[in-house]
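Data block below; observations after.
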Amino acid sequence: MTPPVRPVWLRTLGLFALGLGLAAALGLASGYPWQAVALAAMAMLGWHSWKLERLTQRLMLRHRPAPSDAPGAWHELDRLLYRGQAEMRSRKRRLIEMLRAYRAAAAALPDAIVVVDRNSQRILWFNQPGTSLLGLRYPDEIGAPLVQRLQPLPLAHWLASGRHAETLEVGAPGNPAIRLNLRLIPYSENLWLLVARDVSRLLHLEQMRRDFVANVSHELRTPLTVIHGYLDMIDPGEHAELAPMLGEMQRQSQRMAQLVEDLLALSRLESQDALTAEETVPMGWMLDTLRREAMALSQDRHRVKVEDSADLDLWGSSRELHSAFSNLVGNAVRYTPDGGDIVIRFRTEDAVDGRVAGRPRGAVLEVIDSGQGIAAEHLSRLTERFYRVSTSRSRDSGGTGLGLAIVKHILQRHQARLEIRSQVGRGSTFSCHFGAERLRARRSDTSGGTAPTSSEAPA
Ligand code: ADP
């Protein structure tokens with residue numbers, strides 16, 4: 001057990017007093033008491049100074065203090081220092097073992113991990129896949145500037161933008177056939193982790209899936225056209241007993257043809273990331289077309305209203321944007337009970353925030369209905385393929401379950417986003433948000449001369 005510190009010092013003081021007492025007694029006997037006491041005090045002071053000097057030397061030279069057996073304050077000090085240093089050594093050993101284990105774990109990861117200094121953007125450490133996937137060489141590349149070293153990769157802009165949440169998909173340096181997914185993770189104030197994952201296999205599988213769907217859809221097209229053709233040739237009037245069956249067969253073959261067309265449309269959209277041919281999309285003409293389509297679909301069962309306050313055109317693919325918007329309008333008609341309202345609105349984003357330097361922040365095309373609405377738990381999944389709130393209702397209304405997936409893809413290709421707001425029993429709003437870079441001044445001749453600024457079709 002550790003002896004309490006106070007008694008040790010008391011004992012040292014006791015010994016000091018005893019030494020002085022003995023010296024005084026000897027001094028009295030010899031007739032020089034003060035000289036004897038002074039001599040003894042100096043001797044003891046000298047001994048303590050020597051002990052202090054030895055301890056300082058040992059600490060300076062980082063020698064391990066070996067605790068002596070002699071009792072007293074110096075022994076206690078040695079013992080405490082020895083214990084402190086032993087504890088520190090064992091803590092250091094444990095930390096080194098932990099560090100080794102972490103490094104071994106990071107090295108064993110199949111992903112390339114590069115530790116980067118945030119300020120200088122220099123490489124501090126990387127694991128083995130850092131060499132095989134990114135071509136970094138150890139130890140030459142430790143301390144090298146990351147952007148310069150991985151020159152073929154478009155990292156400079158990405159790092160400068162500081163948008164860590166975004167990932168970057170690039171070909172591996174030295175072997176573009178290997179596709180890498182890069183992610184930047186800030187993990188302390190000054191350190192970043194650059195994680196590079198080989199996604200070639202995943203992309204290959206994804207491509208196979210796309211090709212499969214496209215091929216199957218394509219192969220189904222011809223037999224369906226034949227069936228459709230023959231069904232059209234049969235006159236139900238001549239076969240009264242078969243009329244209900246023929247009607248159902250026609251409906252189902254039409255549904256299947258629509259499904260195949262939607263699958264092919266989705267495959268086409270997925271096969272190319274960027275728009276190839278862009279043009280000014282005349283929004284006056286577009287809104288007028290959407291109104292006519294809504295009215296044709298509705299057959300006077302709804303009030304259809306168009307509101308156009310943007311006085312702008314869009315830049316993109318007219319064909320694709322028309323397909324996206326008419327999907328939303330079609331849904332609004334199909335999921336709104338008779339007598340309901342449908343509003344197609346085109347407005348600038350500044351309606352709420354105000355214009356910045358006279359320019360709108362963006363534009364929104366909204367399709368608003370007073371229909372059945374969608375419960376909140378479904379909203380985030382609506383753009384998944386074949387996701388339906390109610391399968392039977394979607395089928396009955398002629399839906400394929402692919403409409404909103406197509407809308408999402410088309411908007412992504414226009415760097416636009418789809419926002420869905422809905423309340424069960426009150427209706428839904430589907431908003432397509434376009435950025436300022438997609439806006440163009442409205443050309444007067446593009447309105448088609450038929451779309452008024454606000455037009456209403458009575459129910
Ligand atoms: P579908 O062809 O089935 O309509 P979509 O992808 O267009 O497929 O829509 C997915 C689902 O979202 C629909 O099945 C429907 O449940 C719901 N939905 C879409 N638009 C509306 C709307 N305007 N009102 C209510 N529900 C809607």
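The values are calculated or read from the model by the stated rules, or taken from the named source; none is laboratory data. Since this is a predicted model, take the numbers as computed values, not measurements. Every residue, glycine as well, gets a Cβ built from its backbone with ideal geometry; the counts of neighbours run over all protein chains shown. These area figures cover heavy atoms from the full protein model, side chains too; ligands, DNA and RNA do not enter into them. Shrake-Rupley method; radii C 1.70, N 1.55, O 1.52, S 1.80 Å.
Just a few scattered comments:
- Share of carbon and sulfur in the accessible heavy-atom surface of segment 5-99 [1.4 Å probe, %]: 70
- Per-residue ellipticity at 222 nm from helix content only, as computed over the chain with -39500 (n - 2.57) for each DSSP H run of at least four residues, stands at -16500 deg cm²/dmol.
- Averaged over its residues, the chain has an accessible area of 60 Å² per residue, based on protein heavy atoms and a 1.4 Å probe.
- Simple Cβ-charge dipole of the chain, Lys/Arg +1 and Asp/Glu -1, about Cα centre, in debye nearest 20: 3100
- Over every Cα atom in segment 67-206, the radius of gyration and the widest Cα-Cα span, Dmax, amount to 22.3, 79 Å.
- Using a Förster distance of 30 Å, the FRET efficiency for Glu87-Ala108 (Cβ separation, nearest 0.05): 0.40
- Taking amide hydrogens as placed 1.01 Å from N in the peptide plane, the amide H of Trp125 sits under 5 Å from those of Val115, each at least 5 positions away in sequence or on another chain.
- Proximal charge balance of Leu418 [Cβ under 12 Å; K/R count +1, D/E count -1]: +1
- Burial ranking of peptide ranges 260-271, 214-225, 45-56 (average Cβ count within 10 Å, highest at the top): 260-271, 214-225, 45-56
- Surface/4 of the Cα convex hull for segment 279-457, nm²: 9.9
- Partner aspartates and glutamates for Lys408 [C-alpha distance under 16 Å; skip if fewer than 8 residues away on the same chain]: Asp262, Glu270, Asp273, Glu320, Glu366, Glu384, Glu419
- Carbon + sulfur, % of accessible area of segment 158-232 - ligands and nucleic acids excluded, 1.4 Å: 58
- Projecting the Cα atoms of Phe126, Ser161, Met98 onto the charge dipole of segment 31-187 (Cβ charges, centred on the Cα centre) puts Met98 farthest toward the positive pole.
- Kyte-Doolittle mean at least 0.0 and Cα axial length at least 24 Å: DSSP H helices in the chain: 5-30, 33-60
- Gained length - Val424 relative to Leu203, 0.36 nm times residue gap less alpha-carbon distance: 75.7 nm
- Stretching the chain fully between Thr56 and Ala17 yields a gain of 11.4 nm (0.36 nm per residue, less the alpha carbon separation).
- Cα gyration tensor, the chain - rounded (a/c under 1.5), prolate or oblate: prolate
- Inter-part distance where segment 271-301 and segment 82-123 are each reduced to a Cα centre, Å: 59
- Relative counts (whole %) of C-alpha pair distances in segment 245-381, using bins that are 5 Å wide: 2, 8, 14, 16, 17, 20, 13, 6, 2, 1, 1, 0, 0
- Two-site FRET efficiency, Ser392 against Leu124, from Cβ-Cβ distance with R₀ of 56 Å, rounded to 0.05: 0.40
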